[in-house]
1. Could you give me the residue pairs with C-beta distances under 8 Å whose first residue belongs to region 206-235 and is farther than 19 Å from residue 56 by Cα, whose second residue is assigned to a loop (DSSP other than H, G, I, E, B) and within 16 Å of the ligand (Cβ to nearest atom) wherever it lies, and which are 6+ apart or on separate chains?
2. Could you check region 94-110 and list, in sequence order, the residues that are modelled with pLDDT of 95 or more and farther than 16 Å from residue 204 by Cα?
3. Which of the residues spanning region 221-257 are under 16 Å from the mean Cα position of the chain (by Cα), more than 16 Å from residue 50 (Cβ to Cβ) and either buried (at least 21 other Cβ atoms within 10 Å of the Cβ) or near the ligand (Cβ under 9 Å from one of its atoms) (or both)?
4. Identify the single condition in (1) touching a residue at least 60 places away in the same chain (Cβ under 8 Å); (2) closer than 23 Å to residue 141 by Cβ that residue 45 does not satisfy, given that it satisfies every other one.
5. Output the number of residues of region 56-87 satisfying the condition of being surrounded by fewer than 16 Cβ atoms within 10 Å (Cβ to Cβ), within 16 Å of the ligand (Cβ to nearest atom) and not in a helix (DSSP H, G or I).
6. Look at residue 128 and say whether it is in a loop (DSSP other than H, G, I, E, B), farther than 20 Å from residue 9 by Cβ and either in contact (Cβ under 8 Å) with a residue 12 or more places away in the chain or within 18 Å of the chain's Cα centre (by Cα) (or both).
7. If you go through region 158-169 one residue at a time, do you hit one that is closer than 16 Å to residue 84 by Cα, assigned to a strand (DSSP E or B) and more than 16 Å from the ligand (Cβ to nearest atom)?
8. Give 195, 206, 210 a once-over and let me know the one that is buried (at least 22 other Cβ atoms within 10 Å of the Cβ), at pLDDT 95 or above and over 12 Å from residue 95 (Cα atoms).
Ligand code: ADE
């Protein structure tokens, strides 16, 4: 991992996610970059450039490439919320990605979707390396760090009665240009990919990181469970859980950079 003073780029899809981070930053300066507002400053002594990319794979990939190019960033981080896929998880739990997959990139054959490595033509021999994986030494360090993080309880009006301690775990996160609001799709994505969470940006930023040779860490706090109620849970929980991702992100940055 480089140790230069180059900043880290932090990409957030939505204003609620960016606000949770911006309020923790000091020495803040704001600039516009090709129509995006970029907040420059320090987070716990680390130089960061934070931008609200907009939702989806293209918006986040363009933003990641722009920040990396303009500021010579040494790493890319995505922070925000996701839908839970693993039935063992609850709203408010947080997943740090050891593996990122674009679940909508591939070869569609009747009802079957065969995932391919993004950037490679999705034809011919079935490629198994469709996931972007974090380096094993970083996974080890983040696994240890995740076990130490304590997230505060959700506000009383949002917490389920008798709910247990919020979890922070390493997992596989899927990204695609779809908001998942279906129990059938949630089950399929969990089973086919063995994934814990789904969102719309992380694996696109991972593709940019792979091209540029930069490490990519994605931190996602669950705002919903991607099933039949996700369209109701997402707006109810997004602002309440976004600070959870920011809290975990601080610990990740302290651990890795
Ligand atoms: N981000 C948060 N919840 C999501 C969901 N259910 N599907 C896709 N992206 C999400």
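1. 227/181; 227/182; 228/181; 228/182; 233/91; 233/225
2. Across region 94-110, the qualifying residues are 94, 95.
3. Scanning region 221-257 gives 221, 222, 223, 224, 225, 226, 234, 238, 241, 244.
4. For residue 45, the failing item is (1).
5. 1
6. No.
7. Within region 158-169 (the criterion being closer than 16 Å to residue 84 by Cα, assigned to a strand (DSSP E or B) and more than 16 Å from the ligand (Cβ to nearest atom)), the answer is yes, since at least one residue qualifies.
8. The conditions single out 206.
The values are calculated or read from the model by the stated rules, or taken from the named source; none is laboratory data. Everything numeric here is computed off the predicted structure, so don't read it as measured data. In this analysis, Cβ positions are derived from the backbone assuming ideal geometry, glycine residues included, and neighbour counts consider all displayed protein chains.
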